[in-house]
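Engineer: I'd like to ask you about the structure that follows.
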Amino acid sequence: MSKYSDLAKQIVEHVGGVKNINSVTNCMTRLRFSLKDTHVANVEKLEKIKGVQGVVNKNGQFQVVIGTDVALVCEEIKRMGNFSETINTTGDEKVSVVNKVLGTITAIFQPVIPAICGAGMIKAVLALLTACHLLETSSQTYTLLSMFADSAFYFLPIILAFSSAKRFNCNPYVAAVLGGILIHPTFSGLVSAGDAVTFIGLPVKLISYGSAVVPPILIVLLQSYVEKFAKKISPNAIKVFLVPLIVFLIVAPLALIAIGPLGSIIGDGLYVVFDFLNNEARWVIPVLMGAFCPLLVMTGMHYSLMPVQLAQYATLGYGTLLGPGMLASNLAQAGACFAVALRTKDKELKGTAVSAGTTALFGITEPALYGITMRLKKPLLAVMIGGGVAGLWGGLTNMRTYASATAGILALPVYITDDLSNVVNAVICMIIAVVVTFFVTLFLGIKDEDEGTVEKTASVEELKKEASPLNKVKVVASPMSGEVVKLEQVNDEVFSKGIMGKGVAIRPSEGKVVSPIDGTVNAVFPSKHAIGLTSEDGIEILIHIGLDTVELDGKPFEAFVKNGDKVKKNDLLVTFDIEAIKKAGYDTVTPIIITNSADYVEIMETDTLNIKRQDELVKVFS
C-alpha cells in the first residue's frame, strides 16, 4: 500500500467513511469534501494524521489541507467510491447568503485556476524572453506562444460556463455552447461593425465579451432554472433534444439582450473602483491583502477574489488586487518559518519549518500556515505584520502583475514590462516580507511549550510535578451545566483553531449562565449572545453562547449585567432559550475561552464529560 493510499484511507475513515461523502475534489493544497453530515467527521483525529496539515469546515465545504501532494491523495480517495467532483454546500451546515455567494464563486473558479495560471506563466516567459532579447516579437514562435497564452483568457466565457454548470447542476456542454455564443465570430463581427442589431424587435447591446467573467456565470445560473423547467414539461421520448432546444431559445437571446449588458454594467462599475484606487489610494489593497491574506487562505476564500482580478485585467490590462499583496503575504510565511527553524530546539519542528518555509517561497502557503504559523500563533501575527509592511511597499511603488500566477519567487516574470522597475520593486517587496517577518518572529518568540510537536501538552499531573513552588494555579468554574466538548471539536475555526485563545466548550443542558469567577464584566454584546469577564487576578474570559447566534439579534437571550458591573461567583449573567436557538437552526455549543492565554504557562481543561454549574472547569497555570 502506497503512502498516498494509506493516507487516503485514514482520511476517509475519519470524515465518516465512504457513505458520508457526497463528493470530493481538490485545489492546489486541499481536499474539498461535501459531506452528508459534518458532525460525523472527527476533526481531532484528522488533524493528528501524519500528512494532514489542518482541517477547515467553512461555507459548506469540509476541507482537509494536505499540501502539494493533494492531487495524488484525491485520486486514491476517488478510487474508494464513485464520488462526484461537484462540490455543493453541505446540507447540515447553516450558511449565510454572503458565504453562499463567496463559496459559489470559489467553487466555480477553483477548477479554472490551473488553466489561467498556466496561460499566465506562458505570458510571463514571453515577457522574460523578449526582455532578454532572446525572442523577437515579430517572430512566428512569439505569435504562436502568445496565442497559446491568450486562448485561456479569450475563451474564458466558455471555460467559466462549463465550470459554472457543474456548480449549478445543469448540462455543462449546453453551458459551453452558451458561453461560445458570447465570443462567436459572427457576433464579434457585428460588434466591430457597430450597426444596430435587434432580435424579434428587441435591441441587442453590442459588447465584446472576450475574457468576460460575470456574464457567463449569470447566464448559466439562468440556464439551471430554465433547464429544470424544460425537463419537467418535456416528454421522456424527446427530452434529449427538446430540453436543450428550449434552453437555447430562451437563454441565448436573454444572454445578449439582458444578462450580458448587466455584466457589462458591473464591469464598468469595477473599472471606476479600480481607477479610483489606483489614482487615489493605491496602497490600500496591497496592505490589506498582505496583512489579512492568511485569514482568507484559512477558509480558501482567496479564490473568490479571482473574478474581480480577472475583471481588472480585462478593464485595465494589469492587476493590483491579488498579486502584490499575496506575494508579500506568501513570502512573509516563508520568513516566519525560517525564524521558527532557527529558534526552535525541536528537530521535528525545525524540519517541518524549513520544508514549509521553502514551499511558501514558491507560493504554496498552507503547510506553513497550518503546520507552523497558525499553531504557534505569534509567528502568524509576525506574518500579518511583515505582509502588511511589504504590501505597503508594493502599493506605494504601484506594483502590477500582467498575468495570473501563483504568488512566489517563480512568479517574478509576471511583473516584467518595458519598465524593469516593476520587477525590481517586486524583488524588494519579497525581501522586505522575508526580512521583516523573520526578525519580528524572533522578537515575538515562540514559547517552549509550543516547540516540538504542537499537539503535545503535559498532563495536569506532569505539570504539577515539574512546577516550582512559585507556580500559581488559578481555577475557573463552569458557568453552566451540560456536556463538556473539546474546543478542537467546535464547528467554528475561530474557536477550534485557538485563534481567540485556549479553553473548552459546553453543550448546555439548561439556559442559564452564571459567573465563573469573582471579577468585572468588561463586555456584554448588544445581541447578548456573548459576555466578557476579567477575574480579580487578571484572567480574561469570553463566554460565547452558541455558534453564529449573533444573527439572532438577541431574541432568545436576556442579560442581567452590563459593562463595568462587579460580579461574584455564581451571580446570574444571562439566560437563554435553548429550544428557540435550536429551532432557528443554530448550534448551542458554548465556547469558554481564556482570551489572554498567552500570558500563562498552561491552560488545562477538565477531563469530566458532564459538568454542573460551579464545578471546576479550567485550571490556569502562571
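Engineer: Restricting to segment 9-37, what's the tally of residues that are open to solvent by 10 Å² or more (accessible area, probe 1.4 Å) and either among the small types (G, A, S) or closer than 21 Å to D587 by Cα (or both)?
Structural biologist: 5
Engineer: Of everything in segment 589-607 that's in contact with a strand residue (DSSP E or B) (Cβ under 6 Å, 6 or more places away or on another chain) and assigned to a loop (DSSP other than H, G, I, E, B), which residue is modelled with the highest pLDDT?
Structural biologist: Checking each candidate, the answer is V589.
Results for (1) more than 28 Å from P379 (Cα to Cα); (2) of a type outside the set (A, V, I, L, M); (3) open to solvent by 50 Å² or more (accessible area, probe 1.4 Å); (4) within 31 Å of the chain's Cα centre (by Cα), shown as yes or no for each residue.
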residue: K583; (1), (2), (3), (4): yes, yes, yes, yes
residue: E605; (1), (2), (3), (4): no, yes, yes, yes
residue: E616; (1), (2), (3), (4): yes, yes, yes, no
residue: F621; (1), (2), (3), (4): no, yes, no, no
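Engineer: Also, I was wondering about something else. Output the residues belonging to segment 497-544 that are among the aliphatic types (A, V, I, L, M) and assigned to a loop (DSSP other than H, G, I, E, B).
Structural biologist: I499, M500, I517, I539 - these are the residues of segment 497-544 that are among the aliphatic types (A, V, I, L, M) and assigned to a loop (DSSP other than H, G, I, E, B).
Engineer: Go over the candidates G323, G357 one by one and state the one that is closer than 19 Å to A411 by Cα and more than 19 Å from the chain's Cα centre (by Cα).
Structural biologist: The match here is G357.
Engineer: Restricting to segment 132-173, and then to whatever is among the small types (G, A, S) and over 36 Å from the mean Cα position of the chain (by Cα), can you tell me which residue is least open to solvent (accessible area, probe 1.4 Å)?
Structural biologist: S139
Engineer: Where residues in segment 344-360 are of a type in the set (S, T, Y) and assigned to a helix (DSSP H, G or I), which of them is surrounded by the fewest Cβ atoms within 10 Å (Cβ to Cβ)?
Structural biologist: T358
Engineer: Moving on to the next point. Just one of (1) without any contact (Cβ under 8 Å) to a residue 12 or more places away in the chain; (2) on the phi > 0 side of the Ramachandran plot trips up L249, so point out which.
Structural biologist: It is condition (2) that L249 fails.
Engineer: Name the residues in segment 378-436 that are basic (K, R) and either over 13 Å from Y318 (Cβ atoms) or out of contact with any Pro (no Cβ under 9 Å at 6 or more places or on another chain) (or both), would you?
Structural biologist: K378
Engineer: Look at segment 198-232 and say how many of its residues are of a type in the set (S, T, Y) and either assigned to a strand (DSSP E or B) or open to solvent by 20 Å² or more (accessible area, probe 1.4 Å) (or both).
Structural biologist: Residues in segment 198-232 being of a type in the set (S, T, Y) and either assigned to a strand (DSSP E or B) or open to solvent by 20 Å² or more (accessible area, probe 1.4 Å) (or both): 4 in total.
Engineer: Also, I was wondering about something else. Anything in segment 209-239 that is modelled with pLDDT under 90 and within 15 Å of N171 (Cβ to Cβ)? List them, or say none.
Structural biologist: The answer is K239, and nothing else.
Engineer: Consider A403 against the criteria (1) within 27 Å of K377 (Cα to Cα); (2) in a loop (DSSP other than H, G, I, E, B): it satisfies all of them except one. Which criterion is unmet?
Structural biologist: Checking A403 against (1) within 27 Å of K377 (Cα to Cα); (2) in a loop (DSSP other than H, G, I, E, B), the one that fails is (1).
Engineer: May I pose another question? If I ask for residues that are part of a helix (DSSP H, G or I) and either modelled with pLDDT under 60 or of a type in the set (D, E, K, R) (or both), which ones from segment 432-450 would you list?
Structural biologist: Of everything in segment 432-450, those that are part of a helix (DSSP H, G or I) and either modelled with pLDDT under 60 or of a type in the set (D, E, K, R) (or both) turn out to be D448, E449, D450.
Engineer: Another question, then. Could you list, in sequence order, the residues of segment 482-496 that are assigned to a helix (DSSP H, G or I) and touching a residue at least 40 places away in the same chain (Cβ under 8 Å)?
Structural biologist: Within segment 482-496, L487, E488, Q489, E493, F495, S496 qualify.
Engineer: Filtering segment 11-62 down to residues that are of a type in the set (K, R) and out of contact with any helix residue (DSSP H, G or I) (no Cβ under 7 Å at 6 or more places or on another chain), which residue is farthest from Q489 (Cα to Cα)?
Structural biologist: Among those residues, the one meeting the criterion is K19.
Engineer: Related question: Is at least one residue of segment 296-318 at pLDDT 85 or above and open to solvent by 10 Å² or more (accessible area, probe 1.4 Å)?
Structural biologist: Within segment 296-318 (the criterion being at pLDDT 85 or above and open to solvent by 10 Å² or more (accessible area, probe 1.4 Å)), the answer is no, since none of the residues qualifies.
Every residue, every condition in (1) open to solvent by 20 Å² or more (accessible area, probe 1.4 Å); (2) modelled with pLDDT under 95; (3) touching a strand residue (DSSP E or B) at 6+ places or on another chain (Cβ under 9 Å), yes or no:
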| position | (1), (2), (3) |
| --- | --- |
| R507 | yes, yes, yes |
| V524 | yes, yes, yes |
| H529 | no, yes, yes |
| S535 | no, yes, yes |
| I539 | no, yes, yes |
| L552 | yes, yes, no |
| K555 | yes, yes, no |
| L609 | yes, yes, yes |
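Engineer: Could you tell me how many of the residues in segment 263-278 are in contact with a Leu (Cβ under 7 Å, 6 or more places away or on another chain) and either modelled with pLDDT of 65 or more or open to solvent by 30 Å² or more (accessible area, probe 1.4 Å) (or both)?
Structural biologist: Result for segment 263-278: 1.
Engineer: Further question: T453 is checked against (1) in contact with a helix residue (DSSP H, G or I) (Cβ under 7 Å, 6 or more places away or on another chain); (2) modelled with pLDDT of 75 or more; (3) among the polar types (S, T, N, Q); (4) open to solvent by 30 Å² or more (accessible area, probe 1.4 Å) and fails just one. What number does that condition carry?
Structural biologist: (2)
Engineer: Here's another thing I want to ask about it. For segment 557-577, name all the residues that are among the aromatic types (F, W, Y) and open to solvent by 70 Å² or more (accessible area, probe 1.4 Å).
Structural biologist: If the condition is that a residue be among the aromatic types (F, W, Y) and open to solvent by 70 Å² or more (accessible area, probe 1.4 Å), then F560 is the only one that fits.
Engineer: Here's a follow-up. Restricting attention to segment 361-397, and to residues there that are hydroxyl-bearing (S, T, Y) and assigned to a helix (DSSP H, G or I), which single residue is surrounded by the most Cβ atoms within 10 Å (Cβ to Cβ)?
Structural biologist: Selected residue: T373.
Engineer: Next question. Out of (1) under 22 Å from K569 (Cβ atoms); (2) open to solvent by 10 Å² or more (accessible area, probe 1.4 Å), what's the single condition that is false for S515?
Structural biologist: Failed condition: (2).
Engineer: Restricting the search to segment 411-426, which residues are closer than 22 Å to T359 by Cα and open to solvent by 30 Å² or more (accessible area, probe 1.4 Å)?
Structural biologist: Within segment 411-426, L412 is the sole residue that qualifies.
Engineer: Can you tell me which residue in segment 541-550 is farthest from the chain's Cα centre (by Cα), limited to those that are open to solvent by 20 Å² or more (accessible area, probe 1.4 Å) and at pLDDT below 90?
Structural biologist: Result: V550.
The values are calculated or read from the model by the stated rules, or taken from the named source; none is laboratory data. From a predicted model like this one, the values you see are computed outputs, not experimental measurements. A quick note on method: Cβ atoms are made from the backbone with ideal geometry, for glycine too, and the neighbour counts reach across all protein chains shown. Accessible surface is based on the protein model in full, side chains and every heavy atom, while ligands, DNA and RNA are left aside. Shrake-Rupley method; radii C 1.70, N 1.55, O 1.52, S 1.80 Å.
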